[in-house]
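S.K.: Supplied in structure tokens, the structure appears directly below.
Bear in mind that the values in this text are calculations on the coordinates, not laboratory data. Given the structure is predicted, the values throughout are model-derived calculations rather than measurements. Positions of Cβ are backbone-derived with ideal geometry, glycine not excepted, and every protein chain shown enters the neighbour counts.
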Amino acid sequence: MVLTDALKAEFTELASHYPERRAALIPALHRCQEELGGWLSPEIIEAMAEWFEMEPVEVFSVASFYPMFFLRPVGKHIVSVCRNISCDLRGSQELLDRVCQVTGAKAGANSEDGRFYVEHVECQGSCANAPMMVVDGIYHGDLCPEKAEQILGGLDR
Amino acid sequence: MSHETYLLSRIERGDSHTLAGYEAQGGYAAFKKILSEGTPPKDVTEVVKESGLRGRGGAGFPTGLKWSFMPDQERDSRTRYMAVNADESEPGTCKDRVLMERDPHGLLEGCLIAAWAMSLHGVYIYVRGEYRLSYRRLDEAIQEARAAGLIGKNIQGTDFSCEIHMHKGAGAYICGEETGLMESLEGKRGHPRPKPPFPAGFGLWGQPTTVNNVESIFNVPFILERGADWFKAMGSEKSSGNFLCCISGHVEKPGVYEVALGTPASTILNEYAGGVWHGHNLRAWIPGGSSTGFLRPEVIDTPMDHDSLKEVGSMFGTGSMIILDQTASVVHSALVLMDFYEHESCGQCSQCREGTQWLAQVFQRIHDGQGRMEDIDLLSDISNGMAPGKTICALADAAAIPTHSVIRNFRDELVEYVQAGGHTAVSKKRALPMETV
């Protein structure tokens, strides 16, 4: 069983906020991804299906709908560069190019050393600080390629 | 440009996100007054109606009227919910985040007043998954308010009870659509539901539900405390109050500014945001988030309110202005948006699933210099096949509106792309650091 007792206790607490257990599925998938290796493996999907009393394919169907869930292994650091209009107008393409160059990863893929996963994402709601990127869940705004390189350089190995 | 501000009035304090910081600035007074006086719930809704508050999430629907659609509790004893739409994801929009991060108790007080007015059993705040700080601040605020006896059972010793729950989304623009949001909150794919039935009759788990935007609810305590007349005195005739204007793109000082509804867009651009950057000229602007279309510089004096923007063929939307300078290409920006809508279409309706893909392909072709003159009519035909009112939700409209706007307002650029085999004036722009707002 891949789910720890601590996680299951958390799921029980999450589910207590809703009249139906299933409503806790998406928040619970977040917790799995955070605690169990950064992505939702087939084993996790199966275990979640069991806990939520759903078919694995139903859990997969939900997980696959949401861009924040990864269904394949991702690098240690996740770099998400916004490519939508406000960021595009202020140079997000140059930003993404530099991020790819520095990390050695292509957009939508892992770097060969497995250290980075780079993706371009849609609007992250930080348009007044465009261009921006999110690194491991932390927002970085008012960027230029040089500043982005500095931020990536400061990450642990 | 001096005018009364209230939405952002509390956030200067370093502890504005805490209960202590909120109460020190008069927080929870409106809710406590209603509670201690036992104001009839219908009267609360009436004040909100009377104020003329219109939803700040995009559609501009009158908030009080929406509340009044909730069935009478005496005739319908089902469990009643509110879902606060904190899935802010309309490109160009970053206003609700400011309120949730810096003044979360303001939103909670609005939720409690709404709960009183509509006799709600529970409130769910659906925060987009990426907004980690918003989630944390609201979560902490709920814990503080609960400990202070403001949330939970028998609030302040009365028989009024209300729970406020946090819910974390996981991306997907379509979950900002109210029925897509409810599906997502129930743990499903965010597929919008056909309407009717409307949420007030059949919402979360089939129960009466109202879905309101963060900024809409945030306005409520101010209205209850200061009165409908105070609120109506601000803004324009049919759009009362102030709104948070996010202005982004090619401006000197992008930011989130509190502005009275009806303020000319040119005033916001020039006096608040410091004008088009580098002294450049204005090429195009979007008034209310990506779905509201590209407008010409000639109409930059249009008042930012629902009716005035309708008159120039657009919408107020989220009130988030996006500015394009003389070096920008409208065709390029339209392509960026079409890629976005294609990516975000949930795929239920063929018109939207296929249409957004086709629009993106045709814009790409024109953008790459492979366009044909008949592609301009093709864009128009595809858009007409998608909207208005041809699909379950308005995402198809959100892609069709900017497309029509490019054809109507920037046909010259489309023609130029086709004739010249691309756009020669577009230069790669280097991003410059700017102030954090």
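S.K.: Could you list, in their original order, any pairs among A:8/B:195; A:76/A:147; A:8/B:32; B:42/B:310 whose Cα atoms are separated by more than 30 Å? Let's see the in-between values first.
M.R.: Details: A:8/B:195 37 Å; A:76/A:147 21 Å; A:8/B:32 38 Å; B:42/B:310 32 Å.
As for pairs spanning more than 30 Å Cα to Cα, those are A:8/B:195; A:8/B:32; B:42/B:310.
S.K.: A follow-up question, please. Could you tell me the convex hull volume per residue, in Å³, taken over the Cα atoms of chain B?
M.R.: Expressed per residue, the convex hull around the Cα atoms of chain B is 131 Å³.
S.K.: May I pose another question? Please compute the average number of Cβ atoms from other chains found within 10 Å of each residue's Cβ in peptide A:118-124.
M.R.: Across A:118-124, the average partner-chain Cβ count within 10 Å equals 5.
S.K.: Sticking with this one: Enter the Cα centre distance for the pair the range B:58-130 and the range A:86-157, rounded to the nearest angstrom.
M.R.: That distance is 33 Å.
S.K.: Arranged from highest to lowest average of other beta-carbon atoms within 10 Å per residue, in what order do the peptides B:230-239, B:199-208 appear?
M.R.: So the peptides B:230-239, B:199-208, ranked by packing, come out B:199-208, B:230-239.
S.K.: Nearest 10 degrees, 0 to 90: what angle lies between the long axis of helix B:374-386 and the longest principal axis of chain B (Cα atoms)?
M.R.: Its long axis makes an angle of about 20 degrees.
S.K.: Let me ask something additional. Provide the packing ranking of B:394-400, A:102-108, B:251-257, A:59-65, i.e. peptides ordered by the mean count of other C-beta atoms within 10 Å per residue, highest first.
M.R.: B:394-400, B:251-257, A:59-65, A:102-108
S.K.: Run through all the Cα pairs of the protein assembly as shown and give the fraction in each 10 Å bin from 0, expressed as whole percent.
M.R.: Cα pair-distance distribution for the protein assembly as shown, in percent: 3, 17, 28, 28, 17, 6, 1, 0.
S.K.: Additional query: Can you give me the C-alpha center-to-center distance between the range B:207-280 and the range B:345-366, rounded to a whole angstrom?
M.R.: If we compute the Cα centre of each part, the gap is 32 Å.
S.K.: Let me check against my output: what whole-number percent is the relative contact order of the range B:243-324, with C-alpha pairs under 8 Å and at least 6 apart?
M.R.: Rounded, it is 36 percent for the range B:243-324.
S.K.: When you look at the Cβ of every residue in B:245-257, what mean number of other chain Cβ atoms sits within 10 Å?
M.R.: 4
S.K.: If you don't mind, another one. For the range B:143-195 and the range A:6-57, compute the distance between their C-alpha centroids and round to whole Å.
M.R.: Measuring centre to centre over Cα atoms gives 19 Å.
S.K.: While we're here: How many times 2.2 N^0.38 Å is the alpha carbon radius of gyration of the range A:5-63?
M.R.: 1.01
S.K.: I've got another one for you. Under a GNM of chain A (C-alpha, springs under 10 Å), which listed residue has the highest mean-square fluctuation: A:48, A:133, A:68?
M.R.: A:68
S.K.: Once both axes come from the Cα atoms, what is the angle between helix B:41-51 and the longest principal axis of chain B, in degrees from 0 to 90, rounded to 10?
M.R.: Roughly 40 degrees between the two axes.
S.K.: Pairs of Cα atoms under 8 Å, at least six residues apart: use those to get the relative contact order of chain B, whole percent.
M.R.: Computed value for chain B: 15 percent relative contact order.
S.K.: Just to check I understand the Karplus step: with θ = phi - 60° and J = 6.51 cos²θ - 1.76 cosθ + 1.60, what whole-Hz values come out for the range A:91-108, glycine and proline as x?
M.R.: Per-residue couplings from phi come out as x, 5, 5, 4, 5, 4, 4, 5, 4, 5, 5, 5, 8, x, 10, 8, 4, x Hz.
S.K.: Between helix A:5-15 and chain A, what is the angle of the helix's C-alpha long axis to the longest principal axis, kept within 0 to 90° and rounded to the nearest 10?
M.R.: 90
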